[in-house]
1. Which ranges mark the strands (runs of 3 or more DSSP E) fully within the stretch 181-265 that have 1 or more residues being within 22 Å of T46 (Cβ to Cβ)?
2. When the stretch 143-160 is examined, which residues are found to be within 17 Å of the chain's Cα centre (by Cα), modelled with pLDDT of 95 or more and assigned to a loop (DSSP other than H, G, I, E, B)?
3. Can you tell me which of (1) crowded, with 21+ Cβ neighbours inside 10 Å; (2) within 20 Å of R137 (Cα to Cα) is the one V65 doesn't meet?
4. Collect the residues in the stretch 111-141 that are in contact with a Ser or Thr (Cβ under 9 Å, 6 or more places away or on another chain) and either modelled with pLDDT under 95 or of a type in the set (V, I, T) (or both), keeping them in residue-number order.
5. Name the residues in the stretch 51-72 that are assigned to a strand (DSSP E or B) and either over 27 Å from M167 (Cα atoms) or touching a residue at least 40 places away in the same chain (Cβ under 8 Å) (or both), would you?
6. Take the conditions in contact with a Pro (Cβ under 7 Å, 6 or more places away or on another chain), more than 18 Å from I17 (Cα to Cα) and not assigned by TED's automatic domain parsing to the domain that holds V199 and apply them to G98. Does it pass?
7. Restricting attention to the stretch 203-248, and to residues there that are surrounded by fewer than 14 Cβ atoms within 10 Å (Cβ to Cβ) and of a type in the set (D, E), which single residue is nearest to the chain's Cα centre (by Cα)?
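The values are calculated or read from the model by the stated rules, or taken from the named source; none is laboratory data. Just so we're clear, the structure is a prediction, and the values are computed from it rather than from any experiment. Counting neighbours? That spans all protein chains shown, and the Cβs are built from the backbone with ideal geometry, glycine included.
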Amino acid sequence: MRVQSLYLYPVKSLAGIEVSSFNLDEFGPAGDRRWMLVNDGGEFVTQRQLPMLATIRTCLDGRAVKVFIPGEGPFDLVPGKEPVSVGVWQDRVDALVGTGMVNPAVSRYCGQNLRFVYMPDDSFRRVDPERVPGWKRVGFADGFPFLVTNQSSLDELNARLDKPVDMRHFRANIVVSGAEPWAEDGWHSLVIGTARFLVAKPCSRCVMTTVDPDSGNRHPQIEPLRTLSTYRKTSNGVIFGQNAIHLDGHRLSVGDTVTLSQQEL
């Protein structure tokens, strides 16, 4: 098995970036989901509520993040000094409010008051301790630093769909090729390149998988989630992909070998 593709998401729920490699840090993929959008109440906002967020493109220039808001223009995301406590699922997290004209621009585009917030290095959000022992941290991702998916599983799903979808619908960080469809259900630990990973839990999928990553529109027949739910529904939800943490390593690249190991959580 090998790494087929890699993705970063500089801002939670905005468009991702396909990359040839990325560094690893304490948060997971370096630069991944350190930014997020929040409403007036400080609660996180995603494509679940605002599917048009998929059309806001992002890019990285070193550690700097730029966003491209349709009809508004490009903006650099710059953390200010104003601290704010924000909510992401059940967690409260210390963050910094972004500065400049990007906040009114994204508010105009989305039709409601929104702000970009940044998770600084001294803000600690813990990975679910019921799933992962020890004090592992995560940025603004839903719960785990990595989502690992299997290209063969997507191919099998697409064979059931009238209109195939691509992996962007599932917002993976690491896409693996060379495995049998749904082999990832049995993965417990992986070595990718020189980095070791532990698989924490299957990833339960939601309505975000139905958002077209190019148009920002939801599929009128709720695909591919509707088809996926006919044969991938479990007590943990409708499953596609595996959430993971890394134990060590400094960098991943497309083409890295992927092997199974016996280490357990």
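1. Output list reads 195-204, 237-246.
2. F144, P145
3. Only one criterion is unmet by V65, namely (2).
4. Once the filter is applied, which keeps residues that are in contact with a Ser or Thr (Cβ under 9 Å, 6 or more places away or on another chain) and either modelled with pLDDT under 95 or of a type in the set (V, I, T) (or both), the stretch 111-141 yields nothing.
5. Across the stretch 51-72, the qualifying residues are R57, T58, C59, L60, V65, V67, I69.
6. Here the answer is yes, as G98 does meet what is asked.
7. Taking the candidates together, the pick is D214.
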